[in-house]
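Encoded as structure tokens, the structure appears first; notes follow it.
The values are calculated or read from the model by the stated rules, or taken from the named source; none is laboratory data. Please read these numbers as outputs of a predicted model, since none were measured by experiment. No Cβ is skipped: glycine too gets one built from the backbone with ideal geometry, and neighbour counts run over all protein chains shown.
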Amino acid sequence: MKDYLDYPEPYLEFLAEKLNNGCGPGGWKGVLIPDIIYLISIKEACKIHDYEYGIGGYEEDKIEADYRFYMNILKIIKKKSKFSKFLNPLRRKRACLYYGAVSEDGWEYYNYINEEEREAVRIAKASEYASEKAKTPLSKLVSKVKKLYSCSEQNKGVD
């Protein structure tokens, strides 16, 4: 375990190894999502995140797991970028993309404590998707840019 990362309580290393499939959902989709962000491995953050998804819980637990994932990526970037700090703005933007992906689409892979919770999240996501679909392409783009900007704003002065 890396002492500079945040782990859920309890965290069982042997179980984390078993649940870990690297960054991404596994299978052919997982191949498309790298474990490295501009020369820095974030595999440990992905392993912790996979552990939390495998253990599961309620929607609040998923939100906490996603946020811990994002913060752990930022901690890894800060710790491991001694000779390549000039890449950190790009790394933080990529961290935002990873966070956005798990917070928006990770519900499909999260081990919800019961099917009612999963179904409620699915319905909420479906209605959110329908309202997004009704927007014009320009308003969708503006919405995505605002989301990325707000994530990037949180990272100012992180170095």
Out of E104, E64, E117, report the one residue that is surrounded by 12 or more Cβ atoms within 10 Å (Cβ to Cβ), modelled with pLDDT of 90 or more and more than 13 Å from I37 (Cβ to Cβ).
-> E64
Residue identified as at pLDDT below 90 and either assigned to a loop (DSSP other than H, G, I, E, B) or closer than 19 Å to I37 by Cα (or both) among K147, K140, K78, K156 = K156
List the number of the failed condition for I37; all other conditions in (1) under 17 Å from Y98 (Cα atoms); (2) surrounded by fewer than 16 Cβ atoms within 10 Å (Cβ to Cβ); (3) more than 11 Å from the chain's Cα centre (by Cα) hold.
-> (2)
What pairs can you find where one residue is in segment 1-18 and within 19 Å of K79 (Cβ to Cβ) and at pLDDT 85 or above, the other is part of a loop (DSSP other than H, G, I, E, B) and not charged (D, E, K, R), and their Cβ atoms are less than 7 Å apart, with a gap of 6+ or different chains?
-> Y7/M1
Is it the case that I55 is among the β-branched types (V, I, T) and surrounded by 15 or more Cβ atoms within 10 Å (Cβ to Cβ)?
-> yes
Inside segment 1-34, can you point out the residues that are aliphatic (A, V, I, L, M) and more than 14 Å from the chain's Cα centre (by Cα)?
-> M1, L5, L12, L15, A16, L19, V31, L32
Taking segment 79-89 on its own, how many of its residues are out of contact with any Ser or Thr (no Cβ under 9 Å at 6 or more places or on another chain) and buried (at least 16 other Cβ atoms within 10 Å of the Cβ)?
-> 1
